Amino acid sequence: MDTAIKERWFDLSLPEQMVNIGNEVKRAVRFDKDSRKKRVFIDKALKYIDLTIDDPKNITVIPEIKMGRVILEDYLGDHELDYTKEQIRDYYMDFVYLLKG
């Protein structure tokens, strides 16, 4: 991963990181019927999640962030977990309220 990208990502607060992840999830949900576009957006969200996991300031929330990763992977795959695309999208978009509050 490009060091400059990682540094810029680490400069963001956790809510800002989560909103950026959520924006990609929102796009994936919008293109749910187009598997190619959906994959592009989820892959970008997963890369952002990996950066968020690597960010030292997020050490206390890594288990929750990793669970989010598992849920997104399931959304791309077999849908064995009982989460709707709307629930997944709404989880990430709730972080917008932290930024506005």
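The values are calculated or read from the model by the stated rules, or taken from the named source; none is laboratory data. Keep in mind the model is a prediction, meaning the values are calculated, not measured. Positions of Cβ are generated from backbone atoms using ideal geometry, with glycine treated the same way; all protein chains shown enter the neighbour counts.
Note on the range 78-100: residues that are outside any helix (DSSP H, G or I) and either within 16 Å of Phe41 (Cβ to Cβ) or among the β-branched types (Val, Ile, Thr) (or both) amount to 1.
Does the range 53-66 contain any residue that is part of a helix (DSSP H, G or I), of a type in the set (S, T, N, Q) and either in contact with a helix residue (DSSP H, G or I) (Cβ under 7 Å, 6 or more places away or on another chain) or more than 28 Å from Lys33 (Cβ to Cβ) (or both)? Yes: one or more hits. Listed by first and then second residue, the pairs with beta-carbon distance under 8 Å, at least 6 apart or on different chains, first residue in the range 60-77 and over 11 Å from Leu46 (Cβ atoms), second exposed (fewer than 11 other Cβ atoms within 10 Å of the Cβ) and modelled with pLDDT under 95, are Asp74/Glu80. Can you find even one residue in the range 32-54 that is more than 26 Å from Asp82 (Cβ to Cβ), touching a residue at least 24 places away in the same chain (Cβ under 8 Å) and surrounded by 15 or more Cβ atoms within 10 Å (Cβ to Cβ)? Taking every residue of the range 32-54 in turn, at least one turns out to be more than 26 Å from Asp82 (Cβ to Cβ), touching a residue at least 24 places away in the same chain (Cβ under 8 Å) and surrounded by 15 or more Cβ atoms within 10 Å (Cβ to Cβ). For Leu46, the criteria (1) in contact with an Asp or Glu (Cβ under 9 Å, 6 or more places away or on another chain); (2) assigned to a loop (DSSP other than H, G, I, E, B) hold in every case but one, which is (2).
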